[in-house]
Each structure stands twice: as structure tokens, then as C-alpha cells.
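See below for the structure under consideration.
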Amino acid sequence: MLKKPTYEELLKQNVELSNELKQLKLENTSDQKKCEEIQLEVLKADLKLTHLNTALDNLNTYVYIKDMNGRYLYANKKCLTLFNCSAHELSSLSDADFFPPTTCDQIKIIESEVINYGKDTENEVDTTDHNGNRKVYWEIKTPIYDDKHQNKVIGLCGVSTDITYRKIAEESIKENQLQLKHLNATKDKIFSIIAHDLRSPFNHIIGFSELMLENSTNKDHSQDSDCIKIINSTAKNTLNLLDNLLNWAYTETGKLSYRPENINITNIITQVVDFKTSIAQAKNITITYNAVQDIEFYTDSNLLKTVLRNLISNAIKFTNPNGSINITALQKDKFLEIAVIDTGVGMSTEHMTDLFNLTTHKSQPGTEGEKGSGLGLILCKEFVEKMHGTLWVESVVNKGSTFKFSLPI
């Protein structure tokens with residue numbers, strides 16, 4: 001027969017049961033808090049993952065993750081659009097489903113360095129899409145390591161950017177540069193031919209026509225003499241134009257050299273005047289140069305001769321028959337001032353403003369219909385500045401013009 005517990009025993013058991021109940025409640029409360037904390041962490045992780053996916057899907061580049069065997073584990077929205085598949089379909093596909101065999105072989109070689117050696121790689125992949133259109137991608141790939149074993153590679157992450165248009169533009173620029181180089185070489189060849197092969201015949205024409213002029217003066221053949229003068233002056237004018245074209249080309253290409261030397265201004269002016277005398281005689285124009293000072297100075301003789309030839313040619317062109325041209329050279333302080341003064345048609349202020357601008361200057365016919373390119377005066381300004389000097393003009397309509405330039409001695 002069971003013995004009934006006493007009141008004290010029952011009271012004791014009740015206290016023990018109450019304590020056990022309190023302990024169970026405490027443990028249950030603690031587990032519940034832990035559970036809530038875990039749920040909160042999971043929620044935060046899901047939120048971060050959602051934000052990360054949203055950010056990756058809105059990138060204007062292709063982002064993907066592959067395993068050790070080259071299978072796709074993840075691809076952002078832009079990448080899935082390129083592959084024309086869903087995220088679920090992606091796991092069963094490989095590069096062979098998207099790219100030609102040659103591109104797949106190239107990708108395998110690149111990714112083997114990432115997987116086997118843990119290298120970061122940057123490569124340009126030139127391939128084609130499903131329609132056969134050329135596509136060029138700049139790819140950056142980096143290894144993914146195991147969290148527990150930091151030295152163990154478990155996959156790779158890739159970021160690819162479509163650089164097709166930039167690549168085509170770069171290739172087009174390179175091709176244009178090659179064509180430009182070829183055209184420049186052709187141009188240089190043409191100028192070389194002009195400078196050497198074309199100038200020689202002109203020198204022969206000028207030389208023989210001057211010889212004929214000398215012989216004709218001893219005979220009564222005035223008509224022949226006039227024709228020979230025209231031949232001679234035309235040849236010299238054409239040669240002058242040819243020289244201007246060559247010099248202008250050299251200035252435009254930056255090949256014009258400045259080679260100063262000690263020269264005598266009287267000798268230089270005399271040489272140029274002698275060269276231009278026959279052209280002036282064709283219009284019965286007299287050219288005079290009275291050397292007031294015998295000045296030696298340091299400059300480029302070829303550039304100086306070109307400037308003088310063009311200024312004198314310009315004066316002859318715009319001076320009426322029976323007119324005159326006077327040349328002066330004076331030292332003023334540390335500068336030599338040279339002037340070519342004619343009694344020609346002169347020009348207006350408006351005309352003088354555009355005189356040295358190739359784009360706005362319009363070449364006017366001479367007093368006997370002579371034509372010109374307009375390059376002569378522009379070359380004069382550029383050459384004088386090359387010699388560290390200054391060129392300017394003074395003119396009055398129907399009274400003549402004076403072109404002056406000063407050079408440092």
C-alpha cells in the first residue's frame with residue numbers, strides 16, 4: 001500500500017517543480033531571442049544580396065561566376081541577355097553554347113591561368129555573335145578562394161566590357177594614319193620631283209632665252225626680240241611661282257629650316273635685281289638700288305632672297321609700263337630696314353587688311369593682266385618672321401605702294 005506524502009513533502013515538491021518551470025521558461029525565452037536574432041541576420045543577408053543583385057543587374061558590363069570546370073554559376077542580367085537564357089538555364093550551359101570554338105579555346109587558356117595559378121588576368125577577346133557580327137570584349141578575371149582554405153581556388157569571377165566600337169575606331173585611326181603616311185610620302189616625292197626635275201628645264205629656258213636676247217640686240221629683229229623677252233619673263237615668273245609653292249609646302253609641313261650666316265646686303269639685293277631685270281624690261285620698268293651703306297649682318301640668305309624676289313615681282317606686277325621701282329636698305333639702330341617702293345596702282349586700306357591672309361586674300365590681276373597665286377606676300381611675311389623680323393605695307397591708291405621689312409642685325 002502506497003504511503004501518502006506529507007504536507008511538507010508536497011510543499012517541497014511544489015517548490016522544486018516551480019523552479020524547474022521557471023528554468024524551462026528562461027531557456028525557452030533565450031532560445032526564442034536567439035531564433036529572432038538569426039532570423040534578423042538572415043533577413044539582412046537576403047536584403048544585402050537583393051541590393052547586390054540589383055546593382056550588378058544595372059551595370060553596363062557583363063558579370064559572371066564560374067566553377068573549376070568552367071560551368072556558369074551566376075550571371076548578371078546583361079550577361080543573361082547576351083546569352084539569351086534565364087538564370088535557371090545558365091547552369092546547364094557552357095561557353096561552347098555561346099562562342100565559336102576558337103574563342104572557347106582562347107577562354108580556356110586564359111581561365112586556366114586563373115584556376116591553376118591564382119592569377120588575375122586582363123585580356124582582349126575578339127569574337128563574333130550569333131549573327132556573325134564582330135564583337136570585342138575587354139575581360140578581367142580573378143580567382144575565388146575557399147573561405148576555410150584561403151589558398152584553395154574554387155572558381156573565378158569575370159567582368160567583361162564590350163569595346164567593339166572603340167576597337168573599330170582605333171583600327172580606323174591606325175589605317176588612316178598609314179594612308180596619311182603613304183600620302184605624305186607621295187607628296188614628298190612629288191615635291192622632290194618638282195624641286196629637282198622640273199626646275200632644270202626652266203633654268204634651260206631662261207638661260208637660252210637670255211642668250212637669244214643678247215644675240216638679237218646685234219640684229220634688226222625687234223619682233224623676235226619682243227617674243228624672246230616674253231619667253232624669258234614668263235619662264236622666270238613661272239619658276240618664281242614654283243619656288244613659292246615649294247617654300248609654302250615646306251612652311252606648312254614644318255620642314256622649312258633657318259640657316260643664318262654672315263652676308264652683305266648689297267650683294268644680296270644686287271643678285272635679286274639682276275635676276276628680275278629682264279622681267280621688268282618687258283614692261284619697260286626700271287629697277288634702281290643705290291647702296292647708301294655697306295651693311296654686313298647675320299641672317300638666312302636664301303630666305304632673304306625669296307622675300308626680295310617676291311616683293312620685287314609684286315611691284316613689277318602692279319606697276320604700269322614705263323614706271324619705276326626703287327629699293328633701299330638702311331640701318332636703324334640694331335635693325336636693317338629694307339624697302340621696295342613702286343609707282344604702281346596702290347591699294348585701299350581694306351585690301352591691305354587681307355593682304356597676308358591666304359583664306360581671305362584674293363589675288364588681283366596685274367597692270368597687264370598678269371595672274372598670281374597670292375602666295376608670294378604670305379610667304380614674305382612668314383619668312384621675315386622666321387628671320388625674327390617684321391613686315392608691313394604703306395600704300396595710296398593710284399600712287400603706289402611701299403613694302404618694308406626690318407631684320408635684326
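Per-structure values
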item: Among the candidates THR286, THR343, residue that is polar (S, T, N, Q), open to solvent by 40 Å² or more (accessible area, probe 1.4 Å) and under 23 Å from LEU355 (Cα atoms); result: THR343
item: Enumeration of residues in region 115-130 that are surrounded by 13 or more Cβ atoms within 10 Å (Cβ to Cβ), within 31 Å of the chain's Cα centre (by Cα) and among the charged types (D, E, K, R); result: ASP126
item: Among (1) within 29 Å of the chain's Cα centre (by Cα); (2) at pLDDT 75 or above; (3) among the small types (Gly, Ala, Ser) - the single one ALA280 does not satisfy; result: (1)
item: Matching option when the condition is open to solvent by less than 10 Å² (accessible area, probe 1.4 Å) and not in a strand (DSSP E or B), among PHE405, PHE383, PHE356; result: PHE383
item: Filter pass, CYS79 being over 23 Å from LEU56 (Cα atoms) and open to solvent by less than 100 Å² (accessible area, probe 1.4 Å); result: no
item: Only listed residue being modelled with pLDDT of 90 or more, open to solvent by 50 Å² or more (accessible area, probe 1.4 Å) and of a type in the set (Asp, Glu), chosen from GLU394, GLU368; result: GLU394
item: Count - residues of region 63-84 that are β-branched (Val, Ile, Thr) and over 40 Å from the mean Cα position of the chain (by Cα); result: 1
item: Pairs, first over 17 Å from ASP300 (Cα atoms) and surrounded by 13 or more Cβ atoms within 10 Å (Cβ to Cβ) in region 250-278, second of a type in the set (A, V, I, L, M, F, W, C) and modelled with pLDDT of 90 or more, C-beta under 6 Å, six or more apart; result: VAL273/ILE287; LYS276/ILE312
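Residue-by-condition table, conditions (1) within 42 Å of the chain's Cα centre (by Cα); (2) touching a residue at least 60 places away in the same chain (Cβ under 8 Å):
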{"site": "ILE287", "(1), (2)": "no, no"}
{"site": "ILE295", "(1), (2)": "no, yes"}
{"site": "LYS305", "(1), (2)": "yes, no"}
{"site": "THR328", "(1), (2)": "no, no"}
{"site": "LYS334", "(1), (2)": "yes, yes"}
{"site": "GLY344", "(1), (2)": "no, no"}
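The values are calculated or read from the model by the stated rules, or taken from the named source; none is laboratory data. Keep in mind it's a predicted model, so treat the numbers as computed, not measured. With ideal geometry, Cβ positions are generated from the backbone for all residues, glycine too; neighbour counts draw on all protein chains shown. Heads up: the accessible areas ignore ligands, DNA and RNA and are worked out on the full protein's heavy atoms, side chains in. Shrake-Rupley method; radii C 1.70, N 1.55, O 1.52, S 1.80 Å.
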